[in-house]
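**Student:** Got a structure for you, questions after.
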Amino acid sequence: MPVHRTYSRLHPKLPGSVPEGAVGRGGFTLLEVLLATAISAVVIVAIQAVFFNALRLRNTTSDRAEADLALHRVLDLVQRDLTGLMLPGGTLGGVLQTETDSSLIAPVDGEKLGPDFFTASGRIDAWTPFAEVQRVSYYLAPSSRGDGSGHLVRSVSRNLLPALEETSEQQVLLENVAQAGFEFFDGFEWTPTWDSTATASVPIAIRFFLQRAPDASGGPVPEPFELVVNVPVALPASTASNQLAAASP
């Protein structure tokens, strides 16, 4: 009877078996690891540069947008004050005079930019026991930058008939202002001063100009801004006729 012999043979796919002619590899070589690390470092540096450039652009755009928004708010506020200008005279409507009145105490330490505007631009609400009439003054208060620039300050007095002492509210409208001021149009030319007690009239238009100071880092000088507002105030018929009679030869 023939004898069958059985030979055990390791299968090449079984665990622990090594196929014939195969060379084992334990992992990456040192050169491959160093090359992969160098490539990763270059990619990370490029991503970081792009990220910080985008962040710097975002901050610059945000700062510029905030500065433009603050400037537009100032121009809108000045326009509202000049549009609501009241006719000089009466109990609440004072004179429109560029020279500082000695009876008024300056509430702000700085340069006064124009006369006291008696205007009906005040907002009436449930928390303010005054009418819409208010006295508004604009100042250029000195700043701490040391470059001659200042802060545009708006002083508002709502209670024009105080029983004891008059109080005013100061609002810092805009910082880092190089110069600002008002000019008045009398129908022929622009003049930096106005005195309603001498002319017995109000200007036809008022111009507000503003020049912002450059950045502390030495950036470009910002462009100046001008706002021209027509004064919608009609003089009484007697005053107008007197002016025409005085102007006629």
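The values are calculated or read from the model by the stated rules, or taken from the named source; none is laboratory data. The structure displayed is predicted, hence computed values, not measured ones. Ideal geometry is used to build each Cβ from the backbone, glycine not excepted, and the neighbour counts take in all protein chains shown.
**Student:** Of all residues in segment 116-155 being within 25 Å of the chain's Cα centre (by Cα) and free of Cβ contacts under 8 Å to residues at least 24 places away in the same chain, which is nearest to Thr193 (Cα to Cα)?
**Tutor:** Here is the first cut: in segment 116-155, the ones within 25 Å of the chain's Cα centre (by Cα) are 116-117, 119-123, 134-155.
Applying the additional criterion that residues be free of Cβ contacts under 8 Å to residues at least 24 places away in the same chain yields 116, 123, 144, 146.
Working: Asp116: 12, Arg123: 29, Ser144: 29, Gly146: 29 Å.
So the residue we want is Asp116.
**Student:** Collect the residues in segment 174-213 that are within 29 Å of Gly89 (Cα to Cα) and aliphatic (A, V, I, L, M), keeping them in residue-number order. Explain how you work it out, then say what you get.
**Tutor:** If we filter segment 174-213 for residues that are within 29 Å of Gly89 (Cα to Cα), which is where we start, we get 180-209.
If the condition is that a residue be within 29 Å of Gly89 (Cα to Cα) and aliphatic (A, V, I, L, M), then Ala180, Ala198, Ala200, Val202, Ile204, Ala205, Ile206 are the ones that fit.
**Student:** For residues that are part of a strand (DSSP E or B) and touching a Leu at 6+ places or on another chain (Cβ under 7 Å), tally how many sit in segment 187-206.
**Tutor:** As a first pass, look at segment 187-206 and keep what is part of a strand (DSSP E or B): 190-191, 195, 205-206.
If we keep only those that are touching a Leu at 6+ places or on another chain (Cβ under 7 Å) too, we end up with 206.
The number of residues fulfilling the criteria is 1.
**Student:** Same structure, new question: Here are the criteria: (1) touching a helix residue (DSSP H, G or I) at 6+ places or on another chain (Cβ under 8 Å); (2) at pLDDT 85 or above; (3) more than 22 Å from Asp63 (Cβ to Cβ). Tell me which single one Ser201 does not satisfy.
**Tutor:** (2)
**Student:** Now for a different question. On the given criteria, is Arg154 at pLDDT 90 or above, farther than 16 Å from Ser137 by Cβ and assigned to a strand (DSSP E or B)? I'd like the intermediate steps shown before the answer.
**Tutor:** Working: at pLDDT 90 or above: yes; farther than 16 Å from Ser137 by Cβ: no; assigned to a strand (DSSP E or B): yes.
So Arg154 does not fit the description; no.
Residue by residue, here is whether (1) modelled with pLDDT of 80 or more; (2) among the β-branched types (Val, Ile, Thr) holds:
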site: Gly27; (1), (2): no, no
site: Leu35; (1), (2): yes, no
site: Gln48; (1), (2): yes, no
site: Gln79; (1), (2): yes, no
site: Leu82; (1), (2): yes, no
site: Ile105; (1), (2): no, yes
site: Val108; (1), (2): no, yes
